[in-house]
């Protein structure tokens, strides 16, 4: 027995000459886009099909994660293996993530209690580890993970990327296993760029950002969303993937330039209101203390109340200090220096960074205001020429990076197995440092 499709008033076909209507809602074919015919002249319209899909999705039992959630203490320990500093942020996030996945695993037997999910906002300067923290969380939890940039998003009708395409990246990372994707983590970077600002309207861009905030509300809170399987803009004649965002954890991150002044202004106001005149000139001169951020600060920054309400956990991250940057270089399992040591070892060469070289690298990163993110580019600049020459040189067993290599562009010390220098021809712009 076949099932036929009849174009409705919004369709692109021609009328059959007979008047049909949906057997479920009673709407005539002119009022709907499609009527699907079943046996014995039973018809269902596209709108009722959508409602049926929603009912079925709501009745589906929640698929539990494949393992019980990691306890906050254990999660904190695992984060410490990869993330340097940010002790308070790691503790708060460990509890928030645990509660989020505990809610999925155990649910609640009390019909009067509805456990809402926990979305997280990470606020901190460039290079403090926001993206790295989100990536490490996903790795620890072994869940699908997707990263997107908020600056590419626009509200519906504008040139740019629809918010639904964020979900497609997560589905792709889950290898199109929808149930697994529905328990993943999505990290949206540069979220501060969609704060509401006064600007001239544009026909090609949602300049204010408020439209993007509105578009994100539904998926942040939890809803069944239609996602184009090939990405791009949605149109009425394509098939969709349906995904429920109720158990997807969203982590939002941004540098929030200017938020520090709002925080300091609030702290000054709070101090004077209880009898203190000032938080002090020294405090005002310090780098913004993002760890003191509150939801109200985000409202003043330009986020609408509905958006802030859907991100209950706001975590401030501090700028990494000198010692922490050195730790980033040397201590985590994926420490930058360890990675380059492994690369040099493949060529039979031992790479050594003198302590003074590590300190100089950390100072340079802070001078560039690049944080941990800038360390890789600095180390790559230091090593690119020697990595170019070493595979063609014979007898080199050790490469020593000194402070002068960082500060004066000096050529590293290359030694043979007896400790003799084998510098060879120096690349243009390099000079041989004086012997120690």
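In region 1-37, how many are touching a strand residue (DSSP E or B) at 6+ places or on another chain (Cβ under 7 Å), over 19 Å from residue 239 (Cβ atoms) and modelled with pLDDT of 65 or more?
The qualifying residues number 11.
Of the conditions (1) within 21 Å of residue 321 (Cα to Cα); (2) touching a strand residue (DSSP E or B) at 6+ places or on another chain (Cβ under 7 Å), residue 386 clears all except one; give me its number.
(1)
Can you find, within region 344-360, the residue that is surrounded by the fewest Cβ atoms within 10 Å (Cβ to Cβ) among those that are touching a strand residue (DSSP E or B) at 6+ places or on another chain (Cβ under 8 Å) and part of a helix (DSSP H, G or I)? Write out each step before concluding.
Filtering region 344-360 for residues touching a strand residue (DSSP E or B) at 6+ places or on another chain (Cβ under 8 Å) gives 344-345, 349-354, 357.
Within this subset, residues satisfying the condition of being part of a helix (DSSP H, G or I) are 344-345, 357.
Numbers: 344: 20, 345: 11, 357: 23.
The extreme case among them is 345.
Looking only at region 69-103, filter to residues that are under 21 Å from residue 127 (Cα atoms) and free of Cβ contacts under 8 Å to residues at least 40 places away in the same chain; which one of those is surrounded by the fewest Cβ atoms within 10 Å (Cβ to Cβ)?
My answer is 87.
Looking only at region 239-248, decide whether some residue is touching a strand residue (DSSP E or B) at 6+ places or on another chain (Cβ under 7 Å), modelled with pLDDT of 85 or more and over 23 Å from residue 52 (Cβ atoms).
Yes, region 239-248 contains a residue that is touching a strand residue (DSSP E or B) at 6+ places or on another chain (Cβ under 7 Å), modelled with pLDDT of 85 or more and over 23 Å from residue 52 (Cβ atoms).
For residues that are assigned to a loop (DSSP other than H, G, I, E, B) and surrounded by fewer than 16 Cβ atoms within 10 Å (Cβ to Cβ), tally how many sit in region 19-41.
Summing the residues that are assigned to a loop (DSSP other than H, G, I, E, B) and surrounded by fewer than 16 Cβ atoms within 10 Å (Cβ to Cβ) in region 19-41 gives 5.
Taking the conditions exactly as written (buried (at least 18 other Cβ atoms within 10 Å of the Cβ), modelled with pLDDT under 85 and not assigned by TED's automatic domain parsing to the domain that holds residue 87), does residue 288 satisfy them or not?
Answer is yes for this residue.
The values are calculated or read from the model by the stated rules, or taken from the named source; none is laboratory data. All figures in this text were calculated on a predicted structure; none of them were measured in a lab. Cβ sites come from the backbone with ideal geometry, for glycine too, and all protein chains shown count toward neighbours.
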